[in-house]
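The values are calculated or read from the model by the stated rules, or taken from the named source; none is laboratory data. Bear in mind that the values here come from a model prediction, so they are computed numbers and not experimental data. As a convention, Cβ positions derive from the backbone with ideal geometry for all residues, glycine included, and neighbour counts pool all protein chains shown. For the accessible areas, the whole protein counts, side chains as well, though only heavy atoms, and no ligand, DNA or RNA atoms are used. Shrake-Rupley method; radii C 1.70, N 1.55, O 1.52, S 1.80 Å.
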Amino acid sequence: MSRQSGQPDASDLLDVAALLTDEERAIQATVRRLLAEHAEPHVGEWFERAEFPRALVPRFAELGLLGMHLDGYGCAGTNAVSYGLACLELEAVDSALRSFVSVQGSLAMYSLWRFGSQRQKEQWLPAMAAGTAIGCFGLTEPDHGSDPAAMATTARRTEAGWVLDGTKMWITNGGIADLAIVWARTDEGVRGFCVPRDTPGFSTRDMHHKLSLRASVTSELILSGAEVPEDAILPEARGLRAPLACLNEARFGIVWGALGAARTCLLTAVDYARERTQFGRPVAAFQLTQEKLVEMALELNKGLLLALHLGRRKDAGQLRPDQVSFGKLNNVRAALQIARTARTILGANGISLEYPMLRHANNLESVLTYEGTSEIHTLVLGEAITGLPAFR
């Protein structure tokens with residue numbers, strides 16, 4: 001069944017789209033059209049085969065999605081809300097697509113754009129915006145995820161530059177990256193380094209047997225006496241605040257992206273419930289089903305208002321890190337519940353890759369954890385409310 005004339009869109013009951021500018025709506029529609037043609041028909045196969053669609057990267061670049069919220073160096077320079085809307089549309093297809101764009105633009109490119117030297121920016125950013133160079137962001141380690149201050153990776157000065165030793169784990173894009181932004185402990189504190197793929201002593205190993213984010217490249221970065229020149233260091237990145245600032249950029253995209261997955265699950269459930277007949281009537285006509293649909297729609301629409309509010313604050317230069325934590329914690333948690341509830345409306349059909357629910361739910365289990373677990377964001381907000389840190 002299709003929606004009747006005048007019937008509200010369950011994914012925008014509050015007409016949040018009316019609060020967007022014409023340019024923002026146009027960017028969202030353009031991204032949506034590209035994905036409808038080149039991604040949606042194939043995403044189930046990519047997930048099943050654990051295959052990242054490299055062929056989409058040039059198309060993303062042509063639309064200006066890579067580093068789209070950055071200025072200069074071939075980047076589109078859009079506002080934060082437009083970037084958020086693009087993330088929403090990408091994750092509406094699959095979290096792997098948003099993850100690629102997020103790591104490329106908000107982690108690897110942003111690290112260079114904000115903390116890099118002029119030479120580093122000119123060398124890498126135009127190629128990364130064009131999709132001819134792919135980046136990754138090496139912070140998480142096998143034994144240090146939520147506590148990056150305890151990282152074991154080290155960088156030691158030599159006469160020729162620096163030698164890096166350590167291992168990074170769960171690194172999106174790692175196996176296909178031309179450049180890794182690696183964070184390491186030095187005598188001067190935590191510093192960031194540009195590590196090209198051909199660096200002696202640097203290698204990657206892809207991680208397999210994943211039940212989540214299967215269409216994403218997830219890798220281990222291995223630094224065994226990896227030698228980089230003196231000018232490989234990011235000159236403006238000093239201390240742990242630098243990588244955490246990058247993570248906040250990526251978390252902002254997640255605030256929007258998770259809602260894309262939720263939207264797909266909700267709308268699929270609405271259509272299925274209206275078409276599926278049991279006991280002589282559409283499943284959507286039963287009170288318990290309508291309650292599920294209403295609860296999902298409430299959370300999605302509230303999440304959209306929250307994301308837009310945070311986007312406007314970011315564009316005004318007023319967004320605080322604890323507000324990003326608020327958005328990430330709320331919207332990912334809500335999206336995961338929507339995916340799980342939508343799956344129940346489809347019954348056994350909900351576990352098939354013919355439908356997107358369980359694929360999105362599996363992906364969101366990872367999104368709930370990466371870029372800060374729910375526990376970490378809860379403690380960030382707890383400190384904001386009480387003034388008392390509870391991390392240790």
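Taking R0 as 30 Å, what FRET efficiency do you get between Leu14 and Gln318 from their Cβ-Cβ distance, rounded to the nearest 0.05? Walk me through the intermediate numbers first.
Details: r = 23 Å, r/R0 = 0.76.
So the FRET efficiency works out to roughly 0.85.
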*For Met169, list long-range residues whose amide hydrogen, built 1.01 Å from N in the peptide plane, is under 5 Å from its own amide hydrogen.*
Thr140, Glu141, Leu221
*Could you list the GluC sites (Glu not before Pro) in segment 6-69 that lie in coil according to DSSP, counting only those with at most 16 other Cβ atoms within 10 Å of their Cβ?*
Glu51
*Name the residues of segment 289-323 whose amide N is less than 12 Å from a point 7 angstrom out from the Cα of Gln278 along the C-beta direction?*
289-290
*With the contact rule set at Cα under 8 Å and sequence spacing of 6 or more, what percent relative contact order holds for segment 93-205?*
23
*For segment 228-242 and segment 321-392, distance of Cα centres in Å*: 32
*Using a 10 Å Cβ count of at most 15 others and DSSP loop calls, identify the longest part of the chain lacking such chymotrypsin sites (Phe, Trp or Tyr not before Pro).*
1-278
*asked:* Distances longer than 18 Å among the Cα atoms of segment 114-268: what percent of all pairs is that?
replied: 61
_Cross-link reach list, lysines versus Lys210, counting only Cα pairs under 20 Å and skipping chain neighbours closer than eight places_ = Lys168
*Summed residue charge, Cβ within 13 Å of Gln104's Cβ, Lys/Arg positive, Asp/Glu negative*: 0
*For the chain, just the Cα set please: Rg and Dmax, both in angstrom.*
21.3, 80
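Give me the net charge for the shell around Val367: Cβ to Cβ below 14 angstrom, other residues only, Lys and Arg +1, Asp and Glu -1. Spell out each step's value before the answer.
Details: positive: Arg98, Lys210, Arg214, Arg251, Lys328, Arg333, Arg340, Arg359; negative: Glu91, Asp94, Glu365, Glu371.
In short, +4.
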*Taking only C-alpha pairs under 8 Å that are 6+ residues apart, what is the relative contact order of the chain in percent?*
18
*asked:* Quick check: residue separation of Leu63 and Leu244 times 0.36 nm, minus the Cα distance between them. What number comes out in nm?
replied: 62.4 nm
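Return one whole number: the accessible area per residue of the chain in Å², for a 1.4 Å probe.
Value for the chain: 44 Å² per residue.
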*Report the full-extension gain for the segment Thr373 to Ser352: residue separation times 0.36 nm, less the Cα-Cα distance, to one decimal in nm.*
4.8 nm
*Tabulate in residue order the Karplus-calculated ³J(HN,Hα) for segment 329-340, using 6.51 cos²θ - 1.76 cosθ + 1.60 with θ = phi - 60°, rounded to whole Hz; enter x for Gly and Pro.*
4, 5, 6, 5, 4, 5, 5, 5, 5, 5, 4, 5
*Among 382-388, 340-346, 195-201, how do they line up from the highest to the lowest mean number of other beta-carbon atoms within 10 Å?*
340-346, 195-201, 382-388
